[in-house]
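The values are calculated or read from the model by the stated rules, or taken from the named source; none is laboratory data. Only a predicted model underlies this, so the values are computations on that prediction, with no experimental measurement involved. Ideal geometry is used to build each Cβ from the backbone, glycine not excepted, and the neighbour counts take in all protein chains shown.
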Amino acid sequence: MPINTPSRLLTLAATLLATPVFAQNAPKVLATNPAETAIVKSVEAENPVAVALLEKLVNINSGTMNLPGVLKVKDILQPEIEALGFKTRWNPMDREVGRAGDLVAEHPCPKGTGKCGKRILLIGHMDTVFEPSSTFQRYAIVPDTGGKVATGPGVADMKGGLVIMLSALKAMKAAGVLDRSEITIVLAGDEERFGKPSSISRKDLIDAGKRSDVALEFENSGRDGGLDGVDTVRIGRRSSIAWHLETTGRTGHSSQVCNETMGCGAIYELVRILDQFRTELPENGLTFNVGLVLGGATAKLNAENTGGVATGKVNVVAPAALANGDIRTLNEEQTVRVKKKMEAIVRDHLAKTGATLDFEDGYPAMGATPASEALLAKLQAVNDTLGFPRMNVTDPIQGGAGDIAFVAPYVAGLVGTGAFGAGAHAEGETIYLDSLETQAKRYAVLMYRLGLEK
């Protein structure tokens, strides 16, 4: 930690006096590097603008399927990003996958590709889980929090992250270091419910990942202990892969069930498979869920795969049954292994029955790697410089899937570099407003340092 000279103490005192009253983690020490000091001061000066932008974005409904709403968010962000020197393009996807599209922005290195340190990819999304039909539509300060906590649809997931990303880039611009950086931004319009196939909806992201060295995903994160707790970050994400199981069997009078001619029917076969999944699949980091079951004389899902219709009689052996669920894994090796085990279980049919198992196009896993651990160490060094407590690293089991996993094979990455809050995806979702400032400082300094690396 740098020595506090009298001049440094005067600078620190001025900075603390200028810090907003809701800041929970104001830096105890300013960076000794003039560029980093300028970054910190710029973030602090920009913070009222950042809070106002957050409210503006939150008050625009941009549920994934509200394509015009997503476009409105894009129309606000695009000129802000272009003003920082990025070249932007909008790739619509309404005709290809029924989603709004991607906003892609590129800030090339003036010296040539790869000559401005690490090539950085910033990942985010403009949609939320709250469609226009939701009753949760407006930004508001949460009462009795002293103005420290706000609520609104997507306020943390992830419109707060969009604001943090912009604040960090603006601070780098103000400090004169953005012009020496090579950064690509990919903001999806459909992260909460991505368009399929992912080969189309995630092409912009994957292509950018292949041209980058480091990725920061500005999704929300949390604080261990709540508002005044310890900030967190992640270096891994679990997968989210849906599966669909269908079983068949012979049908007839129940007096003949499970005999050599009739067999036990489709429902018994379904139950056998699901119970073997339950007993034979468990391993560290894996969760396996059954979310929907239908069976009987007939069993048919609805178009949305959220329910269906089954018919049957107590004295008829069921010829049809089905189940839907998902698996979540820590890494792609575990995904492959678990899929093979599931397929082997399904093939071991009861007599006179059949079964098929299909996996949907889902989110891959992002396993922790030495490269991501090294990137985390650099982030913790930034925390030391800024006088922030070191961050807790959240177990991937505690979080969901996300877009950064699509580029995990190509880059080191950090997850949850956006806003801190609570209750994401539920009405009443909140953001801790001081995180707009602390996170922007952290990741602006980190990006600056990455740009200095060879």
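Inspection of the stretch 187-205 finds a residue satisfying the criterion of being of a type in the set (Lys, Arg) and either in a loop (DSSP other than H, G, I, E, B) or crowded, with 24+ Cβ neighbours inside 10 Å (or both).
Scanning the stretch 347-357 finds one or more residues that are in a helix (DSSP H, G or I) and not assigned by TED's automatic domain parsing to the domain that holds Ala401.
Is it the case that some residue within the stretch 225-238 is more than 31 Å from the chain's Cα centre (by Cα) and loosely packed, with under 15 Cβ neighbours inside 10 Å? No: zero hits. For the stretch 401-424, a residue qualifies if it is assigned to a loop (DSSP other than H, G, I, E, B) and within 19 Å of Ile164 (Cβ to Cβ), and the qualifying residues are Gly402, Gly416, Thr417, Gly418, Ala419, Gly423, Ala424. Among residues of the stretch 376-390 that are free of Cβ contacts under 8 Å to residues at least 12 places away in the same chain, those with a Cβ under 7 angstrom from a residue that is assigned to a helix (DSSP H, G or I), sequence gap 6+ or separate chain, pair up as Arg390/Gln380; Arg390/Asn383.
Out of curiosity, is Arg193 assigned by TED's automatic domain parsing to the domain that holds Leu67 and farther than 21 Å from Gly114 by Cα? For Arg193, the condition - assigned by TED's automatic domain parsing to the domain that holds Leu67 and farther than 21 Å from Gly114 by Cα - is met.
Among Ala52, Ala105, Ala100, which is the only one that is among the aliphatic types (A, V, I, L, M), over 21 Å from the mean Cα position of the chain (by Cα) and either assigned to a strand (DSSP E or B) or surrounded by fewer than 17 Cβ atoms within 10 Å (Cβ to Cβ) (or both)? Write out each step before concluding.
Details: Ala105 fails: over 21 Å from the mean Cα position of the chain (by Cα); Ala100 fails: over 21 Å from the mean Cα position of the chain (by Cα).
The conditions single out Ala52.
Here Thr248, Thr261 are screened, and the one residue that is of a type outside the set (Asp, Glu), over 30 Å from Asn331 (Cβ atoms) and assigned to a loop (DSSP other than H, G, I, E, B) is Thr261.
Within the stretch 193-205, is even one residue within 18 Å of Glu80 (Cβ to Cβ) and touching a strand residue (DSSP E or B) at 6+ places or on another chain (Cβ under 7 Å)? No.
Rundown of residues vs (1) out of contact with any helix residue (DSSP H, G or I) (no Cβ under 9 Å at 6 or more places or on another chain); (2) closer than 14 Å to Glu182 by Cα; (3) small (Gly, Ala, Ser), yes/no style:
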position	(1), (2), (3)
Ala83	no, no, yes
Arg95	yes, no, no
Arg99	no, no, no
Glu106	no, yes, no
Ile120	no, yes, no
Thr128	no, no, no
Val142	yes, no, no
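When Ala401, Ala355, Ala405, Ala371 are checked against the criterion of being under 30 Å from Ala266 (Cα atoms) and either among the hydrophobic types (A, V, I, L, M, F, W, C) or crowded, with 20+ Cβ neighbours inside 10 Å (or both), a single residue qualifies: Ala355.
On the stretch given as the stretch 239-266, residues that are buried (at least 24 other Cβ atoms within 10 Å of the Cβ) and among the aliphatic types (A, V, I, L, M) total 1.
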